[in-house]
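Q: Structure below; questions to follow.
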Amino acid sequence: MSLDHLLDLPPAAARASLEAWLAARGERPFRSKQILKELYDGRRTDPQEMSSLPIPLRQALLEEALAPILTEDLVQCSTDGTRKYRYLLADGKAIEAVWIPTGDRGTLCVSSQVGCAAACTFCATGTLGLARNLRPAEILAQWLDVDRDVRMRELGAVTQIVFMGMGEPLHNWPHLERALTIMTDPDGFAFSPRRVTVSTVGIAPKIPELIERFPQVRLALSLHSAIPETRERIVPVTKRHSIEELREVLAGIRGDARRLSIEYVLLPDENDAPEEAVALARFARDLGAHVNLLPFHPFDGAPYRETSPESIQHFAEQVREHYSGAVTIRRSRGLDIDGACGQLALR
Ligand code: SF4
């Protein structure tokens, strides 16, 4: 009998599937517990490293249940400690994950799709279009590989996971839901959901499902403008989900989500006018959100020039004049290594 990849199955299904597979092979039942302990507690995805198992069983697992998911193709290291990984998937497609150390934290930005259909004008990934969704195993394997790599190098660990890499996570909801289940389930990897942030451009119908299913996961909204015409220009996919619809959905979950943050890439002459600051302040005030302003750094062929430190400071002050909540300017990391998402995969 064949066995699905164990990283594609929620823990209960993985256990049931594994037990049936072991029985068909004439293996003893306790092996199932042993294998899942190696996988989830030991975070070992390579059966060759599961030293508690006999070698023939390790080989069978490698061939049938825990085949390698991705290959590390390129790693770039920034002078600020940021590490950017390009992985090749079984079909030869490339994705990226970025690990950003800050103090005793290590934040990993993972991809949820190959390319992206959202087509944000400031994003290198957006120029690729969507190739395909990632499987749960392909999402999880980025985390497990980077965590292992930085631990092995004694650089730290992955302490936070943000879905801000390639892709719009809510466009791949079934696989995101599965990956988050395996990641956070106490019978799975038991990673704290409070340390996970899902970032979305605002796929309004899916947001309540995400919050209901994972109430402790943080939500980040990539807004980029609270004025409909500007937002539709910058994030074309949002034509289908108006700002009003988004405001209503987010107001409905206010108090459920642990914290809503608004991400706003400041694009010179596009979304940096005083009326944009006022609209952003009003939107954030309605939702009690934390505003994160991000400078834009151009990539080859980008339609905007770089955001100056003075202009982002000035914009932040304008927003603060109308909003007393948190408004922060996010420091750019890894600028010397193709900092923006999608740049490595483009090459
Ligand atoms: S910013 Fe995110 S949602 Fe927009 S195109 Fe890039 S990857 Fe997709």
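Q: Can you give me the angle between helix 274-287 and the longest principal axis of the chain, using Cα atoms only, in degrees from 0 to 90, rounded to the nearest 10?
A: Approximately 50 degrees, to the nearest 10.
Q: Please list, or write none, the lysines whose alpha carbon is within less than 17 Å of the alpha carbon of LYS84, excluding same-chain residues fewer than 8 places away.
A: Straight-distance partners of LYS84: LYS93.
Q: Quick one: work out the % antiparallel among DSSP beta bridges in the chain, nearest 5.
A: On the way: 21 of 44 bridges.
For the chain, the DSSP antiparallel bridge percentage is about 50.
Q: What's the FRET efficiency of GLU275 with ASP300 using the Cβ-Cβ distance as r and R₀ = 25 Å, to the nearest 0.05?
A: On the way: r = 31 Å, r/R0 = 1.25.
So, using R0 = 25 Å, E works out to roughly 0.20.
Q: Would you list which lysines come within 18 Å of LYS206, measuring only between C-alpha atoms, while excluding same-chain residues fewer than 8 positions from it?
A: Within the straight-line limit of under 18 Å, LYS206 reaches these lysines: LYS239.
Q: Then there is this: What residue among LEU89, ALA67, ILE234 has its Cα farthest toward the positive end of the dipole of the chain, where the charges are +1 on Lys, Arg and -1 on Asp, Glu, each on the Cβ?
A: About the Cα centre, the residue reaching furthest to the positive side is ALA67.
Q: Obtain the radius of gyration and the Kirkwood radius of segment 26-166 from its C-alpha atoms and give Rg over Rh.
A: Values: Rg = 16.9 Å, Rh = 16.5 Å.
A ratio of 1.02.
Q: Turning to a different aspect of this structure: I'd like the orientation of helix 55-64 relative to the chain: the angle between its Cα long axis and the longest Cα principal axis, in ° from 0 to 90, rounded to 10.
A: 50
Q: Within segment 92-115, what residues put their amide N at less than 13 Å from the label point 7 Å along the Cα-to-Cβ vector of LEU74?
A: 94-97
Q: Next up: Which value in nm describes the separation of the simple spin-label points at SER52 and ARG28, placed 7 Å from the Cα toward the beta carbon?
A: For SER52 paired with ARG28, the spin-label model returns 1.3 nm.
Q: Can you give me the P(r) profile for the chain? Cα pairs, bins 10 angstrom wide beginning at 0, each as a whole percent.
A: The calculated distribution, bin by bin, is 5, 25, 32, 23, 10, 4, 1, 0.
Q: Which angle from 0 to 90°, rounded to the nearest 10, does the C-alpha axis of helix 173-184 make with the longest principal axis of the chain?
A: Its long axis makes an angle of about 60 degrees.
Q: Find the centroid of the Cα atoms in segment 194-228 and in segment 16-79, then give the distance between the two in whole Å.
A: 33
Q: Would you mind getting me the FRET efficiency between LYS37 and LYS93? Use the beta-carbon distance for r and R0 = 30 Å, nearest 0.05. Let's see the in-between values first.
A: On the way: r = 32 Å, r/R0 = 1.07.
After rounding to 0.05, the efficiency reads 0.40.
Q: Now, a different point. Is there a quick way to get the dipole size of segment 6-64? I mean about its Cα centre, with the Cβ of Lys and Arg at +1 and of Asp and Glu at -1; what is the value in debye to the nearest 20?
A: Working: 9 positive and 9 negative charges, 50 e Å.
For segment 6-64, the charge dipole is close to 240 debye.
The numbers here are math on the coordinates, done by the rules we state, and not lab data. Remember, predicted model here, so these are calculated numbers, not experimental data. Methodologically, a virtual Cβ is constructed for each residue, glycine included, from the backbone with ideal geometry; neighbour enumeration extends over all protein chains shown.
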